[in-house]
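The next block holds one structure in the form of structure tokens; read it before the comments.
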Amino acid sequence: LTGTAVRVALFITCLNDTLFPQTGRATVSLLEGAGCAVSFPAAQTCCGQMHANSGYGREALPLVRRFVEVFGDAEAVVSPSGSCVAMVREQYPHLAREAGDEGLLRDVEALGPRVFELTQFLADELGVEDVGAVFPHRVTYHPACHALRALGIGDAPLRLLRGVAGLDLVELPEAATCCGFGGTFAVKNPDTSAAMLTDKLRAVLDTGAEVVCAADNSCLMHLGGGLSRQRSGVRAMHVAEILAAR
Amino acid sequence: MTDAARPFPEAAREALADSQLRRNLRTATTTIREKRAAVVAERDDWEALREAGRRIKAQAVRHLDRHLEDLERTVTTRGGVVHWARDAGEANATVAGIVRAAGADEVIKVKSLATDEIGLNDALAEHGIAALETDLAELINQLAHDRPSHILVPAIHRNREEIAALFRRHLPGAEGLGSDPSELTAIARRFLRRRFLTAGVGVSGANFAVAETGTVCVVESEGNGRMCTTLPHTLVTVMGIEKVVPRLDDLEVMLQLLPRSSTGERMNPYTSLWTGVRPGDGPGAFHLVLLDNGRTEVLADEVGRDALHCIRCSACLNVCPVYERTGGHAYGATYPGPIGAILAPQLTGLREHADLPWASTLCGACYEVCPVKIDIPSILVHLRRRVVAQGGAGHGRLDPERRSMAALGRIFLTRRRFEAAQTAARLGAWPLTRDGRIERRLPGPLKGWTAVRDLQAPPAQSFRAWWAERERGGGA
């Protein structure tokens, strides 16, 4: 892929669409800034991750089919959510296989490699290092588990953050430890989730950062909700919003 | 796995409030994690070793029937006696029969998960046979009438003050004992030595059993295991059928993977290997009990059966952020932590421990360290689907979660319904929203969330509404 006029279909995710539109706006501005032609297929809804991970594979399957219908022809699909991209890449083939649907399996295996997490797409596919952002604040980065381990985006977000003017990037202690969100885990195991949140927030606060960022708003909703409840004065922000700051 | 377990969330809640437990677990898991990481980093062929380990176990389990028959033949040829046990009851009765026939009323035990799984000690007690645990941590648990809380470090939940108090109460000559670790081990050693020398029967589990030679292998740190397997006249080994490996050469790989993954050592202090019996050297009688206890049923699940590859190193426990906070007792099973969450329910055909597959955030740290590359997160998700499909763990027809998942599934199926739901969410949240957040504690499924976190409220304009406006030329 090259940086000139790559046609990108934006996979916004249901969560970002509904609760974090500013992340979507930042994503559009970053992709357009990198020379991509961005489209937003309005028929998209949800990738089915919550259903699939919570034990509702049967309910997830029609959403897998729908995703293939909506995005099947796209040159590249980009999303500001590591876990939703991991869902498409890692879990769609499992679900198609479990359902014994050979046609669907072929489709998802063909589509998967063209679905990218935003920072990985910018840094690794387009080779962008400096997005021209200015963000004069102390920031720490939490590598969300699915982006880190299921997807292996590595240090793509960090490379992009290092290019931001004025940004003071501080390392998060025990960064790779899960924040305790885990989708419905936060609701089904609320006490354990809260204990993990407490430890993660302690690590965040210890850095003295003003902002904790990640490449996934689901974890950030959990971290941000905790930070706000504690009146900590620390914000949770999606990496895309920092990278789009001028 | 003998007592009916409480639901995990409830048991975890209690464990999370135990400050002593939290501190012990944090210290112990952090230390062992760091040790493991250091010795694994020494090996530039670690990934190749893991892959070799995965292949050995996959092959062993795939042709389990053949390897077990080979093992039975080789053990028998070398003078051992092989017994097959379909379940815990059969295994316990077999062991009790062997002990009785040996004329003993006491056995000394090597640390063994298989015998915990079948509740051997209690079963022997019913036959008037006393079983003494000789692994230091297992002895501590036995004296305290407590259950193991970690696969490898079963008394991880106790500190040395508690242990000293226990020893003062139960061990001869321990009055006035301090809590210095070397003092504690010295008194336990004196107590155990006498029993090693007098016991007629030793009972062990097995880390590996080699089909081609009939060799059984036990790996340990304290030397108590070797005492048990060599001093008594009769030795009984209870092993799950999945512990068989085809060739002696396979141990070369396994014995490199296991100590680095479990204790963070290059090599463990004691590795005992024995093959049948030999006059004048070690026990005069050797019995091998091959335990099924649900394993054959696990084999039938093409995804779930990889759980049988586990070599019980416990690396997954030590890196698990859930285990690190709740400890092992909350899982209510012989096998706790990530491996327990996929093994314990499967061994009971998902009839028990069916909520354990949800005791994980699917963060993937366990898969990353597993020495035989068991994809634990994928198996957790797979088992969640099986449990829901069976209506287990509270997922019956009337379960509110099941109904809302079905409703959400329908909403996500059309653009019109999805957009209507976005509007409804915005309007519904509006009266509760202040500065873009919902700060009050809500009832129902959001109770746990709002107890410790504010809730993000839907803003006035969704992304898609912004995009539509931009397309019309009204936006930025």
Quick one: dipole size for region B:241-300, taken about the Cα centre, charges +1 on Lys/Arg Cβ and -1 on Asp/Glu Cβ, in debye to the nearest 20. 120
Work out how far the C-alpha atoms of the protein assembly as shown reach from end to end along every principal axis, then list the three figures in whole Å, largest first. 94, 59, 52
Might you report the magnitude of the Cβ-based charge dipole of the protein assembly as shown about its Cα centre, with Lys and Arg at +1 and Asp and Glu at -1, to the nearest 20 debye? 1460
Among B:LEU132, B:GLN346, B:ALA114, flag the residue with its Cα farthest along the positive direction of the charge dipole of chain B, charges on Cβ as +1 for Lys/Arg and -1 for Asp/Glu. B:GLN346
Is the shape of region A:143-196 rounded, prolate or oblate, going by the alpha carbon gyration tensor and its root eigenvalues a ≥ b ≥ c, with a/c under 1.5 for rounded and a/b larger than b/c for prolate? prolate
Take the Cα coordinates of region B:23-77, assign each an equal point scatterer, and use the Debye formula without solvent to give log10 I(q)/I(0) at q = 0.16, 0.24, 0.26 Å⁻¹. -0.73, -0.88, -0.95
Placing +1 on each Lys and Arg Cβ and -1 on each Asp and Glu Cβ in the protein assembly as shown, then taking the dipole about the Cα centre, the residue among B:PRO443, B:ALA307, B:HIS329 whose Cα reaches farthest towards the positive end is B:PRO443
Equivalent-ellipsoid semi-axes (√(5λ), Cα gyration tensor) for region B:131-274, whole Å, largest first? 30, 18, 13
Restricting the calculation to Cα positions, tell me the Rg (one decimal) and the Dmax (whole number) of region B:233-380 in Å. 16.9, 54
For every other residue with a beta carbon closer than 12 angstrom to the beta carbon of B:PHE412, add +1 if it is Lys or Arg and -1 if Asp or Glu, then tell me the sum. +3
Cα extents of chain B per principal axis, largest first, Å, are 94, 56, 47
With Cβ to Cβ distances under 14 Å as the rule, what net charge do the other residues near A:GLU117 carry (K, R +1; D, E -1)? -1
In straight Cα distance, which lysines are under 20 Å from B:LYS35, not counting same-chain residues fewer than 8 positions off? B:LYS373
Just the number, please: percent antiparallel of the DSSP beta bridges in chain B, rounded to the nearest 5. 35
Viscosity 1.002 mPa s, temperature 20 °C: what is the translational diffusion coefficient of region A:1-130 from Stokes-Einstein with a Kirkwood Rh over Cα pairs, rounded to a whole number of µm²/s? 144
Diffusion coefficient, µm² s⁻¹, Stokes-Einstein with Kirkwood Rh over alpha-carbon pairs of region B:1-146 at 25 °C and 0.890 mPa s: 125
Set Lys and Arg Cβ to +1 and Asp and Glu Cβ to -1, take the dipole of region B:226-269 about its Cα centre, and tell me which of B:GLY240, B:VAL253, B:MET267 lies farthest positive. B:MET267
Mean per-residue count of partner chain Cβ within 10 Å for A:22-28 equals 3
How large is the dipole of chain B about the Cα centre if only Lys and Arg carry +1 and Asp and Glu carry -1, each at its Cβ, rounded to the nearest 20 debye? 1780
Sorted on mean Cβ neighbours within 10 Å (highest first), peptides B:375-388, A:11-24 come out as A:11-24, B:375-388
Counting partner chain Cβ atoms within 10 Å of every residue's Cβ in B:373-384, what's the average? 3
Average beta carbon contacts from partner chains per residue of B:455-464, 10 Å cutoff: 6
Take the Cα atoms of region A:60-210, build their convex hull, and give its volume per residue in Å³. 121
Restricting attention to the alpha-carbon atoms of region A:121-246, what are Rg (one decimal) and Dmax (integer), both in Å? 14.2, 42
Inter-part distance where region B:94-141 and region B:242-274 are each reduced to a Cα centre, Å: 25
Would you kindly calculate the mean projected area, averaged across all directions, of the convex hull enclosing the Cα atoms of region A:1-40, in square nanometres? 2.6
Give me the three principal axis extents of region B:325-456 from the C-alpha atoms, as integers in angstrom, largest value leading. 50, 31, 27
Can you compute log10 of I(q)/I(0) for region B:213-265 with the Debye formula, treating each Cα as one identical point scatterer, at q = 0.24, 0.25 Å⁻¹? -1.17, -1.20
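Read the figures in this text as sums done on the coordinates, not as results from a lab. This one's a predicted model, so the numbers in the text were calculated from it and none came from an experiment. Cβ coordinates were reconstructed from backbone atoms using ideal geometry, including for glycine residues, and neighbour counts include every protein chain displayed.
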